[in-house]
1. Test of understanding: among I180, I185, I131, which residue is under 25 Å from K100 (Cβ atoms) and either crowded, with 24+ Cβ neighbours inside 10 Å or touching a helix residue (DSSP H, G or I) at 6+ places or on another chain (Cβ under 9 Å) (or both)?
2. Could you check, for segment 204-211, whether at least one of its residues is under 28 Å from the mean Cα position of the chain (by Cα) and closer than 30 Å to T516 by Cβ?
3. Given the residues L412, L340, which is the only one that is assigned to a loop (DSSP other than H, G, I, E, B) and modelled with pLDDT of 95 or more?
4. From the set of residues in segment 566-615 that are part of a loop (DSSP other than H, G, I, E, B) and β-branched (V, I, T), which is farthest from E531 (Cα to Cα)?
5. Filter segment 583-620 for residues that are farther than 16 Å from A632 by Cα and among the small types (G, A, S); which is surrounded by the most Cβ atoms within 10 Å (Cβ to Cβ)?
6. What single numbered condition from (1) within 20 Å of T416 (Cβ to Cβ); (2) away from the ligand (no atom under 16 Å from the Cβ); (3) crowded, with 20+ Cβ neighbours inside 10 Å fails to hold for G373?
7. Give G466, G429, G495, G446 a once-over and let me know the one that is over 18 Å from the mean Cα position of the chain (by Cα), under 28 Å from F147 (Cα atoms) and either in contact (Cβ under 8 Å) with a residue 40 or more places away in the chain or surrounded by fewer than 22 Cβ atoms within 10 Å (Cβ to Cβ) (or both).
8. Would you mind finding the one in L434, L451, L461 that is part of a strand (DSSP E or B) and either in contact with a helix residue (DSSP H, G or I) (Cβ under 9 Å, 6 or more places away or on another chain) or buried (at least 22 other Cβ atoms within 10 Å of the Cβ) (or both)?
Amino acid sequence: MKISSFDEYKQVYQQSIEQPEQFWEGIAENFYWRKKWDKVLEWNFKEPRVKWFQGAKLNITENCLDRHLETLGDKPAIIWEPNDPQENHRILTYKQLHDKVCQFANVLKNNGAQKGDRICVYMPMVPELAIAILACARIGAIHSVVFGGFSAQSIADRINDASCKLVITADGSFRGNKPIKLKEIIDDALVQCPSVEKVIVLTRSRTPVSMIKGRDLWWEDEIKRVETQGSVDCPAEEMDAEDMLFILYTSGSTGKPKGVVHTCGGYMVYAGYTFTNVFQYNPGEVYFCTADIGWITGHSYIAYGPLSQGATTVMFEGIPSWPTPGRFWDIVEKYKVNILYTAPTAIRSLMSFGDEALQGKDFSSLKKLGSVGEPINEEAWHWFDEKIGQGRCPIVDTWWQTETGGIMISPLAGLTPTKPGYATLPLPGIQPVLVDENGKEIEGNGTSGNLCIKFPWPGMLRTTYGDHERCRTTYFATYHDMYFTGDGCLRDKDGYYRITGRVDDVLNVSGHRIGTAEVENAINMHSSVVESAVVGYPHDIKGQGIYAFVISPNHHGDEELARKDIMMTVQRIIGAIAKPDKIQFVSGLPKTRSGKIMRRILRKIAEGDTSNLGDTSTLLDPAVVDEIKAGAL
Ligand code: WTA
């Protein structure tokens, strides 16, 4: 299933559009199914109702583990690099990973987990995180991973939305020189979560934690219990292709994050197919994706994609700048990494440390580079190309989303001619279209519009957990018979796609998706805040920064302290990742007569571009704008 030239790409693409079902059936043949499908695809985007490989039976872990045992059993599946470079790294072969997954799957079963149960995973980036999600998949339980940077409140909301029965966590975690007390955060969350019966706690930092009798169990004790039972193997649960594999919460333009649902068969096929083709993975290559498994990139391109393809995947616990800003490059050298997949925000932040951080590092193992999560600016692209790739590594700028399950628009490494800032061309099987505000398809090249996809693909979301109507209105109702991505996009004269950023109220801060409404809700929770409006503004390192306009008449004169209180509130409600970069106190917000906040104006002010604010004639009180302009930060 690996395309091997640009000509072949063009030919396969054409074929995939003309006969999509035949195309995907051919791709699906490369996986292990207990029983093959009766029907490749059934769909309508109205409900939406999308079913791939109906009737097929499988377990994704048999594809990620069992089927490799004979040929790759002793080959490294996961190479783990700890936060502290002084601590020993770990390598798990496919055989070892298989055994550990089976063991932990039995732990889950011992604790009452069954097919279809939801399990929340809140863990550091250690191999046990990969083991935990694979163990869930092994027994047919649905994992819902929550990124380690989210607050107790955010975790509680996610646990309750999915009625999770179990939580898997660790005592604490290390990120740079900052210890994080994961179990304590979980304890705070669980005060509000009646559905949770058991909490399994991995020892990582051995920070003191409270362990509640009957509810909290140590991971290590539970493994011992399984060992004494003698049941190391755990047969994989047989799943329908359309059974849920996982839920992953992501931000949208409303205040409440949505649980994006992916299913076993289609997601597996899509993650594996895109991994092999985009990165042009060759057996034996060492692949390093710097994302966190708490985000979709980690699900698809640290865990399921690479493992389903028998790759060696590097997992890194720490952060790029600790103990030195050369940390990524040390890891590249240490494990002779061949493929490096990272985010523009990381590239820009490492660029800012200057060339000294690159001195003496050995980049010679690198063959291919990748970027994901936000538009990559040309300066960062060239730095990545010249300083890291040393001019000899193709860069794949991969566009996709939590909802798409895998990469949608991207070069195939080394095959597709690239252009800095362009995600280039759709993968075979993907049919992007640009539409105008009226939903009319814009044909031809040299155009721009809103990016939609007009035909299903196996990795697409099936629903938003517990609220199918929300899935329909968010993605399938804006434009007739199309999936709407929320992104603006340009198609140049060669038909190359360049993603220009979100056209809805979603921010992309350091590659993390954050809804402005979510941040506003959190700010408004603060006792002295009357109202707020949040917009994004260009930020040199983060891509976008968060700018909050806040009405707070009673902060007793000490603005600095009031700002800190608001930050603290946001940190409590969402997590540190959503803290505003700037807070401007205002006496009013620019509203239309119907009470709608005119964000366009606020965005301009936040960007520092107040020369032309556009039409302000519909404003209820135009004087407010002058005051805000005068006080801009
Ligand atoms: C943005 C991350 C430009 C986009 C995999 C999208 C990108 C959102 C790119 C999804 C890229 C992702 N170029 N923009 N190569 N990749 N985006 O769900 O706005 O965390 O809608 O998935 O990130 O973010 P998410």
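1. Working: I180 fails: either crowded, with 24+ Cβ neighbours inside 10 Å or touching a helix residue (DSSP H, G or I) at 6+ places or on another chain (Cβ under 9 Å) (or both); I185 fails: under 25 Å from K100 (Cβ atoms).
I131 is the lone residue from the list that is under 25 Å from K100 (Cβ atoms) and either crowded, with 24+ Cβ neighbours inside 10 Å or touching a helix residue (DSSP H, G or I) at 6+ places or on another chain (Cβ under 9 Å) (or both).
2. Kept after step one, since they are under 28 Å from the mean Cα position of the chain (by Cα), are these residues of segment 204-211: 204-205.
With the extra rule that they be closer than 30 Å to T516 by Cβ, the set shrinks to none.
No: zero hits.
3. Values: L340 fails: assigned to a loop (DSSP other than H, G, I, E, B).
Of the residues listed, the single one that is assigned to a loop (DSSP other than H, G, I, E, B) and modelled with pLDDT of 95 or more is L412.
4. First, the residues of segment 566-615 that are part of a loop (DSSP other than H, G, I, E, B): 574, 579-581, 586-590, 593-596, 598, 608-615.
Now narrow it down to the ones that are β-branched (V, I, T): 574, 586, 610.
On the way: I574: 18, V586: 10, T610: 23 Å.
Restricting to residues being part of a loop (DSSP other than H, G, I, E, B) and β-branched (V, I, T), the top hit is T610.
5. Checking each candidate, the answer is G614.
6. Just one mismatch for G373, condition (2).
7. Numbers: G429 fails: under 28 Å from F147 (Cα atoms); G495 fails: under 28 Å from F147 (Cα atoms); G446 fails: under 28 Å from F147 (Cα atoms).
On inspection, the qualifying residue turns out to be G466.
8. Numbers: L434 fails: either in contact with a helix residue (DSSP H, G or I) (Cβ under 9 Å, 6 or more places away or on another chain) or buried (at least 22 other Cβ atoms within 10 Å of the Cβ) (or both); L461 fails: part of a strand (DSSP E or B).
Being part of a strand (DSSP E or B) and either in contact with a helix residue (DSSP H, G or I) (Cβ under 9 Å, 6 or more places away or on another chain) or buried (at least 22 other Cβ atoms within 10 Å of the Cβ) (or both) holds for just one of L434, L451, L461, which is L451.
The values are calculated or read from the model by the stated rules, or taken from the named source; none is laboratory data. Just so it is clear, the model here is predicted, and its values are computed rather than measured. Virtual Cβ from ideal backbone geometry, glycine too; neighbours counted across all protein chains shown.
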